[in-house]
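Read the structure below first, then the notes.
The values are calculated or read from the model by the stated rules, or taken from the named source; none is laboratory data. Every value quoted in this text rests on a predicted model; they were computed, and no experiment measured them. Ideal geometry is used to build each Cβ from the backbone, glycine not excepted, and the neighbour counts take in all protein chains shown. Keep in mind that these areas ignore ligands, DNA and RNA; they rest on the heavy atoms of the full protein, side chains included. Shrake-Rupley method; radii C 1.70, N 1.55, O 1.52, S 1.80 Å.
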Amino acid sequence: MSSSGKHRPAACRRCKDRHLRCDGGNPCKSCRQASSKCDRGAKNFKFRHEPIPKRRFHFSSDQKWVGLPRKGRLHYVHMNPDGRQESDDDDDDDDDTEASQPDAAGSNASPSPSSMIWRKGQKPHSLPASTSVNTSLDHHGEGLGQSHRDSRHYSISSFSAVAGSNEPSPQSASYYAQTSAYDRLSQPTDQPLNAFPTQRDHYRLGPLKGVPQTFSEASYTSDLQEACLIRYFVERLAHWFDATDRDRHFALTVPGRAMFCPVLRYALFTASAGHMRQALKCRNNANGTVIYDGIPLPGLSEDSAIRYHNICISYLIEISKDPNEDYNEDVLTAATILRFYEQLDAPSIGTDTEAYLKAVQFIVHTQNNDSFYAAQTIHGPTHDNNIHSSPAISLRHSACLIALRQEIWSAFLHQRPVRLPISPQNDYNAFPTTCDFIWANRILVWCADLLNFTFDSHTSTKYPTHASRLAKWTSLKAVETHWNTHKPLSYKPIYYAAPEPDKASYFPTIWLMNDSQVVAEQHVELARILLAVSNPGMQRLGAGAGALNRGLEAELRAITRRVIGLGLGNRAGPPALVTSAVGISICGEYFDDPGEREALVGFLVDLEFEYAWPTSGIVAALRSAWAA
């Protein structure tokens with residue numbers, strides 16, 4: 001009874017769940033505004049799980065997470081508690097047996113979040129019988145009704161649950177399925193269907209169609225943490241992706257699409273949460289509370305990014321299991337965003353599994369377009385008329401360009417060829433005048449071509465004679481020569497100052513006008529490194545070879561200084577600083593001046609502290625090389 005003596009009507013189920021004031025109407029005002037069903041039936045059972053202690057796992061540097069059989073299909077490499085690899089139970093694929101052999105490492109391990117990959121047609125792995133995931137989901141299903149279970153069915157795969165254990169890892173998808181399968185993985189049947197853009201009408205409710213759980217007429221979400229994650233991506237992270245995109249798809253298109261596309265939305269959540277928490281770690285405050293724009297986010301814990309990531313993985317697996325579903329631009333875009341998270345989550349040298357890079361490569365290869373990464377056509381299509389266009393051709397092009405830049409970084413770090421389909425028919429002799437962004441992307445294609453020439457094990461087969469190799473190298477070298485003499489006027493620096501080592505200023509100051517110019521100039525410098533080390537005409541042995549090698553090392557040091565100067569002079573674009581770190585990782589060992597060495601280390605330490613990009617692996621490798 002209230003103080004007035006009148007009985008207060010019970011709140012409906014939706015208002016109770018969201019802690020909203022319910023006026024007792026049928027339907028109530030809140031449900032009417034949200035176009036939701038107003039249910040006053042019996043209260044749902046809610047299953048609560050006891051806190052599970054966090055488990056720590058350690059992996060050897062050569063641990064294999066993703067297998068690539070001869071049939072060209074990607075598959076998981078699962079680990080049991082003894083550190084042995086387990087089969088993926090794909091009986092119709094004989095090639096997969098290779099991945100099931102015991103691993104010599106023998107450590108107690110379960111795959112890290114960045115080791116999870118998916119492929120089309122993959123069979124789901126069943127959960128250990130001792131886990132209660134299916135029971136939990138079934139009870140949620142009873143609360144939602146039979147029609148909901150029929151229209152939206154999830155098979156939750158046990159990516160990293162330890163076989164035979166009663167305690168799934170907090171880093172596993174199965175753990176998160178137990179704790180929030182209803183709230184996160186399932187889309188309620190009362191979603192306002194008229195809220196979706198018409199371009200998504202051909203999708204069912206699922207990974208590619210769905211609004212946030214707290215969607216209403218007033219806003220996309222009333223979950224403050226999720227709203228902050230979206231805004232953080234737009235303001236802080238989109239810049240990482242849009243450096244060579246004239247239409248800024250990741251700032252202007254991707255967030256809007258994500259509001260209606262769960263797989264894309266959770267990729268954004270993963271990247272933002274991962275970067276926020278990584279930033280605290282880099283400032284020696286790993287257990288602190290994230291504060292964004294003055295708003296404390298106490299719920300954004302260390303495991304939050306992992307949990308968002310596992311939800312995104314579940315969506316990706318559902319897509320891969322559907323024979324009628326395509327790897328569309330939303331999936332490709334999500335994979336490039338998850339690759340960014342993967343790079344944050346792994347050291348910069350030696351242990352990067354490149355799982356999502358392999359996923360992007362796989363998706364790009366399914367397009368069956370060997371001429372996409374061609375210098376003549378890299379300008380791409382016109383901008384999509386609507387951010388919700390389906391298919392979104394220009395968004396797909398943008399995602400592919402980002403994939404190329406991510407792949408080039410990894411190819412340099414691991415000294416291997418590019419694994420994307422770079423056109424073998426690139427003609428660099430004549431290019432029409434164009435904008436800075438297209439120039440930058442042409443240079444990326446040329447740089448990828450040089451990586452293939454330098455590191456491809458089949459180069460000697462493609463160019464069997466010294467004369468043919470020299471001719472190919474000369475044609476690639478001609479691009480640099482032409483750039484030096486005919487680069488667009490817009491690429492002229494606003495300001496330049498030479499290094500002053502006597503004042504502890506070891507790198508030049510180079511200011512350019514926009515990010516695309518910086519990306520272009522830095523990759524020209526990286527390409528110069530490849531040209532210098534792959535020159536078939538360079539004398540390697542005999543009289544005078546020593547002087548030539550010393551001259552080569554001096555040239556590599558000068559190139560690295562310019563790459564760093566371009567990054568430092570344009571700090572507003574974080575990719576420029578990361579590219580500088582790539583240059584240091586390749587050529588840093590050739591620096592012998594103590595002051596310069598400390599300046600290199602200082603640059604890397606600042607990059608990790610200010611931008612949460614992991615560089616400790618590069619620093620350790622450099623100190624080891626310098627001590628040798």
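One residue alone among L444, L401, L395, L420 is within 19 Å of V563 (Cβ to Cβ) and either within 27 Å of the chain's Cα centre (by Cα) or open to solvent by 30 Å² or more (accessible area, probe 1.4 Å) (or both), and that residue is L444. Show the residue pairs that are 6+ apart or on different chains and have beta-carbon atoms under 7 Å apart, the first residue being within the range 387-412 and outside the structural domain of P574 (by the TED database) and closer than 18 Å to P197 by Cβ, the second being outside any helix (DSSP H, G or I) and of a type in the set (S, T, Y). Qualifying pairs under 7 Å: I387/T253; S394/T382; L395/T253. Scanning the range 546-572 for residues that are of a type outside the set (G, A, S) and not in a helix (DSSP H, G or I) turns up N570, R571. Residues that are within 19 Å of R562 (Cβ to Cβ) and without any contact (Cβ under 8 Å) to a residue 12 or more places away in the chain: does the range 599-613 have at least one? Yes: the range 599-613 contains one or more residues that are within 19 Å of R562 (Cβ to Cβ) and without any contact (Cβ under 8 Å) to a residue 12 or more places away in the chain.
One residue stands out in the range 343-369 among those that are of a type in the set (V, I, T) and part of a loop (DSSP other than H, G, I, E, B): the one that is modelled with the lowest pLDDT, namely I349. Yes or no: A558 surrounded by fewer than 18 Cβ atoms within 10 Å (Cβ to Cβ) and either among the charged types (D, E, K, R) or in contact with a helix residue (DSSP H, G or I) (Cβ under 7 Å, 6 or more places away or on another chain) (or both)? In short, no.
Look at N441 and say whether it is part of a loop (DSSP other than H, G, I, E, B), in contact with a helix residue (DSSP H, G or I) (Cβ under 8 Å, 6 or more places away or on another chain) and in contact (Cβ under 8 Å) with a residue 60 or more places away in the chain. Considered against the rule, which asks whether it is part of a loop (DSSP other than H, G, I, E, B), in contact with a helix residue (DSSP H, G or I) (Cβ under 8 Å, 6 or more places away or on another chain) and in contact (Cβ under 8 Å) with a residue 60 or more places away in the chain, N441 comes out as no.
Residue check: F603 meets all listed conditions (1) closer than 20 Å to V519 by Cβ; (2) open to solvent by 10 Å² or more (accessible area, probe 1.4 Å); (3) assigned to a helix (DSSP H, G or I); (4) modelled with pLDDT under 95 but one, namely (4). For the range 1-57, a residue qualifies if it is surrounded by 10 or more Cβ atoms within 10 Å (Cβ to Cβ) and either at pLDDT below 55 or in the same structural domain as T214 (by the TED database) (or both), and the qualifying residues are K43, N44, K46, F47, H49, I52, K54, R55, F57.
Being modelled with pLDDT under 90, within 24 Å of R257 (Cα to Cα), among the aromatic types (F, W, Y) and in the same structural domain as Q225 (by the TED database) is not true of Y308.
Figure legend. Inter-residue proximity from the range 200-220: first residues in contact (Cβ under 8 Å) with a residue 24 or more places away in the chain, second residues among the hydroxyl-bearing types (S, T, Y) and in a loop (DSSP other than H, G, I, E, B), beta-carbon distance below 6 Å, spacing 6+ or different chains. Indicated pairs: K209/Y203; P212/Y220; P212/T221; T214/T221; T214/S222.
State all residues of the range 260-311 that are out of contact with any Ser or Thr (no Cβ under 9 Å at 6 or more places or on another chain), closer than 26 Å to L208 by Cα and open to solvent by 20 Å² or more (accessible area, probe 1.4 Å); if no residue qualifies, say none. Hit for the range 260-311 is D303, nothing else. Within the range 462-481, take every residue that is under 34 Å from the mean Cα position of the chain (by Cα) and open to solvent by 60 Å² or more (accessible area, probe 1.4 Å) and give me the one that is modelled with the highest pLDDT. Among them, the one singled out is K477. Among the residues of the range 578-591, the ones that are in a helix (DSSP H, G or I) and either open to solvent by 10 Å² or more (accessible area, probe 1.4 Å) or not aliphatic (A, V, I, L, M) (or both) come to 9 in all.
For L622, only one of the following conditions fails: (1) farther than 15 Å from R557 by Cα; (2) open to solvent by less than 50 Å² (accessible area, probe 1.4 Å). What is its number? Exception for L622: condition (1).
Among the residues making up the range 243-259, those that are over 27 Å from Q213 (Cα atoms) and open to solvent by 20 Å² or more (accessible area, probe 1.4 Å) are R246, D247, R248. For the range 430-441, filtering for residues that are closer than 18 Å to L476 by Cα and either open to solvent by less than 20 Å² (accessible area, probe 1.4 Å) or assigned by the TED database to the domain that holds D515 (or both) leaves 2. Being under 20 Å from L413 (Cα atoms), in a loop (DSSP other than H, G, I, E, B) and out of contact with any strand residue (DSSP E or B) (no Cβ under 8 Å at 6 or more places or on another chain) holds for only one residue in P575, P614, and it is P614.
If the condition is being part of a helix (DSSP H, G or I) and among the aliphatic types (A, V, I, L, M), then the range 485-499 contributes only L489. Which residue is farthest from P432 (Cα to Cα), if the candidates are limited to the range 500-539 and must be in contact (Cβ under 8 Å) with a residue 12 or more places away in the chain and in a strand (DSSP E or B)? Ranking the qualifying residues of the range 500-539, first place goes to T509.
Only residues that are of a type in the set (V, I, T) and either in contact with a helix residue (DSSP H, G or I) (Cβ under 7 Å, 6 or more places away or on another chain) or outside the structural domain of S580 (by the TED database) (or both) were counted across the range 475-522, and they come to 5.
Within the set of pairs 6+ apart or on separate chains, which have a first residue in the range 462-489 that is within 12 Å of V524 (Cβ to Cβ), a second that is modelled with pLDDT under 90, and C-beta atoms under 6 Å apart? As it stands, the answer is V479/Y428, since those pairs meet every condition given.
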